[in-house]
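What follows is a single structure, written as structure tokens, with notes after it.
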Amino acid sequence: MPQGTLMKSFVFRTFLASAFVGFSITINAQTTAQNRCNSFKKGVNLSNWLEAYWSPLWPNPTGYSKSFLVEIKKSGIRSVRLPINFAAVTDTLPPYAVNTSHPVFALVDTVIAWTDELDMKLIIDNHHGWPLTDTAWRASLPRMANLWAVLARRYAGLNPEQYTFELLNEPSIGFENDSLAIIFEACIDSIRPYAPNHSIIAAPNFAGIGLGFADFNPLSDTNIIYTVHTYDPFPFTHQGFAWSDPFYAAGIPFPNSGYDFLVEANWLYLEQWMNTYQLPVFLGEFGVSIHADEQSRCNWIDTVARRTRNLNMPWFYWDLQYDFQFYHSAVVDKDSIIPCFREALRLYDDSTSTAGIQGFGTNNPIVELFPNPAKDVLHIKTTGKEPVHIRLLDASGRLLRHETVLNNYTLAIPDWPAGIYFVECGNLQNRKVYKLIICD
């Protein structure tokens, strides 16, 4: 679950002007980890359930059901991330006993049985309850390491091609990556005697966002999958939530939220890390508030989906039923999904989507673009009687302009670099993408 704090959204503004850290390239072949990461494909978090320590019903025995997994599998989702508050059942004093008789373990075992029967991947995620700080982290090390020894022993018999262990959700913002690595290495050492072949998932500090990768070095174990979370711009994705700290009132658009630069900044740090180390990374959490306007929600999910496709990155959406849901009702089925989410995330066999940078429509054009190639100015002429939403994107999928056009529109492009661009036009029912070439 995203941990809403002011620093999470804004603290790294001070980093944006600094140069990237110069990494020495170390190519480390992680064939097993990469293949398992790729196999996640599309996933969802079973959120607000076994990690929801704030609920008086925790752990709610009826939070999810096998029928829910059956329905989401119909959409094309093949993997599940299960956030669990293991800290709540781990003693805080030596020998740090773990209460494996607690009802939460029976529910974890139930989900394991469901995913086994449905042939779905499962991530067992150590979620809330580990407030690591630079002054107090040493006290948490033996406690967390013992927890993972207990978990690895308990789940050693699970198929490593299907089940994966995530060391810690969203490590603290104000906690150094070097100290975090020491804790992670100790946990891995606790796991390996019992589960030598399972892949292990790790995330950097700064709550696992892209900035955390700026000074994050790969761990020594060669069977590690790395994960990133994105909720940027945080004021946009968390608007209207009473539990968010700080609170952001509804009405913030996207793009033009006032914080759009955060999106690009975090992806830049992540992509540089991926290019440097060539190690597997997946998107473990992302989501957008139901209190944002529908068009802005569509714009945001399309932006994130493009990034994941460009990077061939598997993803796990945070929340299908609560604050970030993308179904029109509590019913999770093909008829209830919001169309732009279905299209952007390619759910329910939506293989004909034109939201990406491939599969351009050529019949019955919605607009005419001229000249193409263009140099200083681009003319856009609509071919119908209804307004058309126009989105201009660069080759990486980054949104440059967003306009609503009726009849004729002229766009000045004197300073745009030469290259390939894309013009996406239409509405949720009829959308096409055209390739635009800008020349010197």
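A short reminder: the numbers here are calculations on the coordinates, not readings from a lab. All figures in this text were calculated on a predicted structure; none of them were measured in a lab. Cβ coordinates were reconstructed from backbone atoms using ideal geometry, including for glycine residues, and neighbour counts include every protein chain displayed.
In the chain, what percentage of the DSSP-assigned beta bridges are antiparallel, given to the nearest 5?
Rounded to the nearest five, the antiparallel share is 55 percent.
Using packing as a proxy for protection, rank 112-121, 284-293 so that the peptide with the highest average count of other Cβ atoms within 10 Å comes first.
284-293, 112-121
Using +1 on the beta carbon of Lys and Arg, -1 on that of Asp and Glu, and nothing else charged, what's the dipole of the range 6-345 about the Cα centre, debye to 20?
Charge dipole of the range 6-345: 540 debye, to the nearest 20.
How would you order 322-329, 182-189 from highest to lowest mean count of nearby Cβ atoms within 10 Å?
Top to bottom by mean Cβ count within 10 Å: 182-189, 322-329.
If we sort 258-268, 194-204 on the protection proxy, mean other Cβ atoms within 10 Å, highest first, what's the order?
So the order, starting with the most tightly packed, is 194-204, 258-268.
Starting from the Cα of residue 385, draw a straight line to each of the lysines and keep only those under 24 Å, dropping any in the same chain fewer than 8 residues away.
Correct list for residue 385: 432, 435.
Any idea what angle helix 103-118 forms with the longest principal axis of the chain, computed on alpha-carbon atoms, 0 to 90 degrees, nearest 10?
Roughly 50 degrees between the two axes.
Mind checking which of 390, 416, 257 is farthest towards the positive end of the chain's charge dipole, using Cβ charges of +1 (Lys, Arg) and -1 (Asp, Glu) about the Cα centre?
My answer, from the dipole projection, is 390.
Could you tell me how many cubic angstrom of Cα convex hull volume the chain has per residue?
150
Counting only helical runs of four or more DSSP H residues, what would the 222 nm mean residue ellipticity of the chain come to if each run contributes -39,500 (n - 2.57) and the total is spread over all its residues?
-8500 deg cm²/dmol
Between residue 159 and residue 139, what is the label-to-label distance in nm when each label sits 7 Å out along the Cα-to-Cβ direction?
For the pair residue 159/residue 139, the computed spacing is 4.3 nm.
Starting from the range 36-120, pick out the trypsin sites (Lys or Arg not before Pro) whose DSSP state is loop and whose Cβ has at most 15 other Cβ atoms within 10 Å.
Taking the range 36-120 and a limit of 15 other Cβ atoms within 10 Å, the loop trypsin sites (Lys or Arg not before Pro) found are 41.
Around residue 374, which amide H atoms from residues at least 5 apart in sequence, or from another chain, sit under 5 Å from its own amide H, with H modelled in the peptide plane?
437, 438, 439
Which residue, 122, 411, 320, has the most motion in a Gaussian network model of the chain that connects Cα atoms within less than 10 Å?
411
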